[in-house]
1. Would you list HIS84, HIS140 from fewest to most Cβ contacts within 10 Å?
2. Kindly provide the trypsin sites (Lys or Arg not before Pro) of segment 84-178 that DSSP labels as loop, not H, G, I, E or B, and whose Cβ sees at most 15 other Cβ atoms within 10 Å.
3. Using only Cα atoms, find the angle between the long axis of helix 179-194 and the longest principal axis of the chain, and express it within 0 to 90 degrees, rounded to the nearest 10.
4. For segment 95-194, what percent of Cα pairs sit more than 17 Å apart?
5. With everything on Cα atoms, drop me the angle between helix 203-212 and the longest principal axis of the chain, reported from 0 to 90° to the nearest 10.
6. Under a 5 Å amide H to amide H cut-off, with H placed in plane at 1.01 Å, what residues pair with GLU40 once short-range neighbours are removed?
7. Round to a whole angstrom and tell me the spacing of the C-alpha centers of segment 100-154 and segment 181-205.
8. Counting other beta carbons within 10 Å of each Cβ, put GLU79, GLU193, GLU4 in order, fewest first.
Amino acid sequence: MIDETRIARRGLILILSSPSGAGKTTLTRAIAGDSSWALELSISVTTRARRPSEIDGQHYHFIEREAFEDLRARDDLLESAEVHGNFYGTPRRPVEKVLGSGRDMIFDIDYQGTRQVRSKLSGDVVSVFILPPSMAELRHRLERRAEDSAETIERRLANARTEIQRWSEYDYVIVNDDLQAAFKSLQGILAAERLKRTRRTGLAAFVDGLLAEGDGA
């Protein structure tokens, strides 16, 4: 039996987006934590101060504002955003290195970040949007987390409507009514995308080898 993984390919970027509470983070952790998929998590750079519980290089790469601006000026960020006066971004070079080696990366970002990454590495991006089964269920999940005030929950729900309107910008859409079913759908997407002809850089050489063989007669 031919081992499909022996045919060289370029890696891909798996992007998951969703409104808060729809399951993006849970699904990201589930598939990234499954070693059989060998996905690498993207580690962002940020100008904000490191929290005591955070490890530099594991949670974020903590850098100075000047260094961040230098990365942005050199167009060395795949995506960037300002949040509460701090800057966040994804360096391009480490991602290119991973993809070039045939490994895949997973990004947990919003639709704005997705647009930025796609504009620079469109052929490498596989984007998946996670929808809740209903707005009532989304509210229930946010309330069940018991992490936010009522005011914050209402703001998250308002933002969710804006984010959900971007669903058609994505390659795939999963309705997360059942977490296990959603996870299986995500696995199916990744498995299929890894077999895409345009990513399999070693396929032409493999086919040439087939054609060079005798017919066994």
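Every number here is computed from the coordinates shown, using simple stated rules; none is lab data. Small disclaimer: the values here were computed from a predicted structure and weren't measured. Positions of Cβ are backbone-derived with ideal geometry, glycine not excepted, and every protein chain shown enters the neighbour counts.
1. If I rank by nearby Cβ atoms, fewest first, I get HIS84, HIS140.
2. ARG103
3. The two axes meet at around 40 degrees.
4. Taking all Cα-Cα pairs of segment 95-194, the fraction more than 17 Å apart is 61 percent.
5. That works out to roughly 10 degrees.
6. ASP104, MET105, ILE106
7. Their Cα centres are 21 Å away from one another.
8. Fewest-to-most Cβ neighbours within 10 Å comes out as GLU4, GLU193, GLU79.
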